[in-house]
Amino acid sequence: MFDFGTSTDQLMAEDRGLSFEHRQAKLDMRLDNRLGVKASDLLKVLTVKQLTQIFEDLGGEEQAKKIAKAIVRVRENNPADLEVVGSLVALISANKSRRSGHLHPATKVFQALRIAVNDELDNIERVLPQALALVNPGGRIVTIAFHEGEDRPVKQIFAEWEEQEKGVRISKKPIQPTETEINQNPRSRSAKLRIFERKE
């Protein structure tokens with residue numbers, strides 16, 4: 001079973017810069033300190049086009065280009081503002097049109113940066129074939145994704161495996177939490193569960 005994304009402990013770790021609550025934390029976002037590139041590094045070197053693509057593709061941010069342009073403007077005058085969580089949150093909030101909803105204005109950008117820093121989607125594409133090779137016939141691979149970026153490669157890979165007659169998808173559509181579960185565990189609201197059963 002794969003539970004993609006980050007754990008609550010990782011999100012709340014003050015030294016990672018993943019949570020809005022730790023405004024003075026450095027914009028690191030690495031889940032493994034052996035990785036070389038931090039979130040602040042990406043913000044300082046990527047072009048408007050590259051930042052826009054990351055925010056759109058990995059975070060689903062509708063105002064990606066506007067935010068990317070603001071980041072590039074800030075780094076030209078005061079790059080230190082791209083080092084700390086609170087500064088980036090303030091920058092995003094100031095440059096994003098207000099919309100209703102439960103998400104914090106910076107949620108999607110932070111998600112996109114975390115995925116990019118940790119190469120999370122490539123890791124998903126690498127690990128699933130390894131898992132299939134280890135599962136016995138009749139065994140199942142179960143995944144839980146919390147946003148479209150994580151769920152998309154799983155959906156595509158499971159569909160390809162089914163076409164190749166390596167097994168079957170237990171459900172063509174993802175299984176999502178009930179209202180009761182969401183009320184008991186609000187963090188589950190965006191969860192998508194998929195199951196693939198290896199051919200006998």
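The values are calculated or read from the model by the stated rules, or taken from the named source; none is laboratory data. All of these numbers come straight from a predicted model, not from anything done at the bench. Heads up, the Cβs are rebuilt from the backbone with ideal geometry, glycines too, and the neighbour counts pull from every protein chain shown.
Numbers at a glance
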| quantity | calculated |
| --- | --- |
| Qualifying residue in region 182-191 (condition: hydrophobic (A, V, I, L, M, F, W, C), more than 17 Å from the chain's Cα centre (by Cα), farther than 20 Å from Glu21 by Cα and modelled with pLDDT of 95 or more) | no |
| Close pairs (6 angstrom Cβ cut-off, 6 or more residues apart or separate chains): farther than 11 Å from Thr47 by Cα in region 63-77, in a helix (DSSP H, G or I) and aromatic (Phe, Trp, Tyr) anywhere | Ala64/Phe55 |
| Filtered residue count, region 132-155, keeping only those that are under 21 Å from the mean Cα position of the chain (by Cα), modelled with pLDDT of 95 or more and surrounded by fewer than 18 Cβ atoms within 10 Å (Cβ to Cβ) | 1 |
| Residue in region 152-175 that is in contact (Cβ under 8 Å) with a residue 24 or more places away in the chain, part of a loop (DSSP other than H, G, I, E, B), within 24 Å of Ile54 (Cβ to Cβ) and in contact with a Ser or Thr (Cβ under 6 Å, 6 or more places away or on another chain) present | no |
| All positions within region 45-63 that are buried (at least 18 other Cβ atoms within 10 Å of the Cβ) and either outside the structural domain of Gln111 (by TED's automatic domain parsing) or of a type in the set (Val, Ile, Thr) (or both) | Thr52, Ile54 |
| Residues located in region 123-151, provided they are in a loop (DSSP other than H, G, I, E, B) and in contact (Cβ under 8 Å) with a residue 60 or more places away in the chain | Val135, Asn136, Pro137, Gly138, Phe146, His147 |
| Test for Leu35: is it buried (at least 17 other Cβ atoms within 10 Å of the Cβ), out of contact with any His (no Cβ under 6 Å at 6 or more places or on another chain) and aliphatic (A, V, I, L, M) | no |
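Every residue, every condition in (1) among the small types (Gly, Ala, Ser); (2) assigned to a helix (DSSP H, G or I); (3) more than 16 Å from the chain's Cα centre (by Cα), yes or no:
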position: Leu43; (1), (2), (3): no, yes, yes
position: Phe55; (1), (2), (3): no, yes, no
position: Lys69; (1), (2), (3): no, yes, yes
position: Glu76; (1), (2), (3): no, yes, yes
position: Ala80; (1), (2), (3): yes, yes, yes
position: Ser87; (1), (2), (3): yes, yes, yes
